[in-house]
Each structure stands twice: as structure tokens, then as C-alpha cells.
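Undergrad: Let me begin by handing over the structure; questions about it come next.
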Protein chains: 2
Amino acid sequence: MQFNLDKSYEILERTPAVLKSLLKDLGDEWVMNNEGPETFSPFDVLGHLIHGEKTDWPDRIAMILEYGTSKTFVPYDRFAMYEASKGKNAEQLLNEFEAMRRKNMHWVRSLNLTETDFDKKGIHPNLGEVTLRQLISTWVIHDLTHIAQVARVMAKQYKEEMGPWIEFFRIMSF
Amino acid sequence: MQFNLDKSYEILERTPAVLKSLLKDLGDEWVMNNEGPETFSPFDVLGHLIHGEKTDWPDRIAMILEYGTSKTFVPYDRFAMYEASKGKNAEQLLNEFEAMRRKNMHWVRSLNLTETDFDKKGIHPNLGEVTLRQLISTWVIHDLTHIAQVARVMAKQYKEEMGPWIEFFRIMSF
């Protein structure tokens, strides 16, 4: 499947609703547990996604368009949300993510990006040269893989209760 | 996390809405592509889930309650949906799954299952003795892992477009 802006919007614009349908009004055991040390709970993922909307995706798009390869992206802080999410509940984070994403989609659409823009380059602090096409594709993939992660982390909470069926579920050992 | 019927309903009753929010009105490239030979597309997963509602989960619950270990479950046909889904579109399958699940949840709730019931046993054709607790836990996990699979399969459609970022996404090689 080739990159296409409309197909990317199809995913980016629905992610907040997907996460709401998955997590809204759920008990804490489904939302707050993780997969083990140094892994994210669904709650952590929400904070991580919000942090990305605030500091990462739109900033990097703007940097590619304004500065190209003359400036390097700010490294992404994958743990900033531990502090930022403190004292909040899942519902607040779901609403915050939805609002941030809506605002960012409005802004990205207002750029009227063209095929020429998609080839423009920026500098990633670890990966070197990347294109706007790759950045937006990765934004989409980042959404989808975190949705997959949330569902997997939730599934694992029942791992001890499924008995011998576990051998049919390769994903439970991922 | 320990098995609990209400916590299981929390997941089982929301799965149709989660899949709708993830797949409704999406282009075919997101819905019809899979991860390679002998893997499921999101469309295939919907058919697989419908088949489970029709022939597997409720039948096995009923069999444990009525026959215990004196009868063996009918083996699950993991490929029946290729025939059953023919000529249908994703929206029809989403609606069909929603209706079947609603009906099954209504039926399961009407059983007024108790702690004693959860320890009752049946015979799985490959796994041998399993309890009702394990069967319902596996139903929940089956939902969540297929949601994870759908999101992962969708993410993989953009794999070639993400460039060097792929090294940060372990899940893309699963």
C-alpha cells in the first residue's frame, strides 16, 4: 500500500474514537496494569500519545517544511507522560487526546500538503535523513501499533485464567 | 487479574463497537489486505469472529453446563469464514457480528452463572479438560487479541512507507 494523505487522515482522525470505545468506563484493572517492568499500561499509552501530539508530530512536520535538513528534530521523550498524567484519570486523558488530535488534524489539513512536500526532508536525531512522507506514515503506524499494544496488554491481564488455551495464542508471549 | 464475570462482560460487550470504530467506512486497502500467505485480513477476522459467535463460544458454554466431560466440543473451523463472508462487505460483517454478540450476551446473562458453574468442566478436542472459567477468559482474550491483530495488520500496510523508523517498531516484525 502506497502512502496517500487521505488514507492517512482516515486513520489519524479515528484513533481517539477507537481508544474511547476500547477504554472508556473500564475498570482500573484493565486500564492501569501493564505487561511487566518498563512496559506501558493502556493509561501510559494515552499519556504517551498526548505527549506526541504536543511535542512531536506537528513540530516535526513544521520543522521539515520550515527548516528542512538545516535543523535536527528534538528527541522524543518516551517517558514524559509519567509526570504529565499524574492525578488524571483515563477519561480525562481520552478527552485530552481527542482535543489535541482534532486541533492537529485541523492544522495539518490547513497546510494543503502536496506531493512535492512529501519528499521534503528533515533530520532525525538518531535516524538521520527522513522525509515528510515517512514521518506521516510513521504517525499512522504509531497510532495503530499503540492500539494493538493496548488490546494486547489488556488481553494479558487474563493470561493466568485461560488455562491450556494459551498454546493457541502466540501473541500472548510477545 | 483474577477472573470475574462482570469484568469479562465489560470487554465482550464492547468489542463490536471497538471494531466498528476501527474499521467502519475505511478504504479497502486498510480492510482487505493481510500480513502475507495464510494470514487474516481485518475482513477475515470479522468473519472469524462471527463464526465463533455462531458455532463456538455459546455452544461450548452450553455443552459444559449440560454434558460436562461426557461430550467433546466440536472442533473450531478457523477457515469457515472464507466461504461465509463471500459477497459481503465489511459493514455487513460489522453489523452481523454486533447482532450475534448482542444476542449471545443476552443469553449468557440469562444463565445467571455462579462461582460453582465456573469450575464446571468440558472436553476440548485437542486440549482435554477445560473449565467454564477458562472458556470465558479465553473468549475475552480472543476478542482482544483479534483487535490487536486487526490494528497490527493495518499498520503493516504502511511498512514500506515508514523508512528508517521501522527499527523502533518491534511489533512490525511480529
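Undergrad: I'm checking my understanding of the structure. Among residues of the stretch B:37-56 that are open to solvent by 20 Å² or more (accessible area, probe 1.4 Å) and assigned to a loop (DSSP other than H, G, I, E, B), which one is farthest from the other protein chains (Cβ to nearest Cβ)?
TA: Only one residue fits best here, namely B:PRO37.
Undergrad: Looking only at the stretch A:114-137, which residues are hydroxyl-bearing (Ser, Thr, Tyr) and buried (at least 24 other Cβ atoms within 10 Å of the Cβ)?
TA: Scanning the stretch A:114-137 gives a single hit, A:SER137.
Undergrad: Additional query: In the stretch A:23-36, which residues are of a type outside the set (Asp, Glu), away from chain B (no Cβ under 11 Å) and open to solvent by 30 Å² or more (accessible area, probe 1.4 Å)?
TA: A:ASN34
Undergrad: While we're looking at this one, here's another question. From the residues in the stretch B:4-22 that are of a type in the set (D, E, K, R) and more than 7 Å from chain A (Cβ to nearest Cβ), which one is nearest to the chain's Cα centre (by Cα)?
TA: B:GLU13
Undergrad: Cβ-Cβ below 9 Å, separation at least six or inter-chain, first residue in the stretch A:29-46 and charged (D, E, K, R), second at pLDDT 95 or above and in a loop (DSSP other than H, G, I, E, B): which pairs?
TA: A:GLU29/A:GLN157; A:GLU29/B:GLN2; A:GLU29/B:ASN4; A:GLU35/A:SER41; A:ASP44/A:ASN34
Undergrad: Based on what the data block shows, is B:GLU160 in contact with a strand residue (DSSP E or B) (Cβ under 9 Å, 6 or more places away or on another chain), open to solvent by 50 Å² or more (accessible area, probe 1.4 Å) and facing another protein chain (nearest Cβ under 9 Å)?
TA: No: the conditions fail for B:GLU160.
Undergrad: May I pose another question? What number of residues within the stretch A:163-174 are more than 7 Å from every other protein chain (Cβ to nearest Cβ) and among the small types (Gly, Ala, Ser)?
TA: So the answer is 1.
Undergrad: Restricting attention to the stretch A:1-28, which residues are over 26 Å from B:GLU13 (Cβ atoms) and without any contact (Cβ under 8 Å) to a residue 60 or more places away in the chain?
TA: A:MET1, A:GLN2, A:ASN4, A:ASP6, A:LYS7, A:GLU10
Undergrad: Let me ask something else about it. Filtering the stretch A:57-68 down to residues that are free of Cβ contacts under 8 Å to residues at least 60 places away in the same chain and out of contact with any helix residue (DSSP H, G or I) (no Cβ under 6 Å at 6 or more places or on another chain), which residue is surrounded by the fewest Cβ atoms within 10 Å (Cβ to Cβ)?
TA: Out of the qualifying residues, it is A:GLU66.
Undergrad: Report, by residue number, each residue of the stretch A:119-148 that is of a type outside the set (A, V, I, L, M, F, W, C), more than 7 Å from chain B (Cβ to nearest Cβ) and assigned to a helix (DSSP H, G or I).
TA: A:HIS142, A:ASP143, A:HIS146 - these are the residues of the stretch A:119-148 that are of a type outside the set (A, V, I, L, M, F, W, C), more than 7 Å from chain B (Cβ to nearest Cβ) and assigned to a helix (DSSP H, G or I).
Undergrad: Under 6 Å between Cβ atoms, at least 6 apart or on separate chains: pull out the pairs that start in the stretch A:111-127 with a residue that is over 13 Å from A:TYR67 (Cα atoms) and end on any residue that is β-branched (Val, Ile, Thr) and crowded, with 17+ Cβ neighbours inside 10 Å.
TA: A:ASP119/A:THR131
The values are calculated or read from the model by the stated rules, or taken from the named source; none is laboratory data. Here the structure is a predicted model, which is why all the values come from computation and not from measurement. Don't worry about glycine lacking a Cβ; one is built from the backbone with ideal geometry, like all the others, and counts go over all protein chains shown. Please note that ligands, DNA and RNA were not included when accessible areas were found on the heavy atoms of the full protein model with its side chains. Shrake-Rupley method; radii C 1.70, N 1.55, O 1.52, S 1.80 Å.
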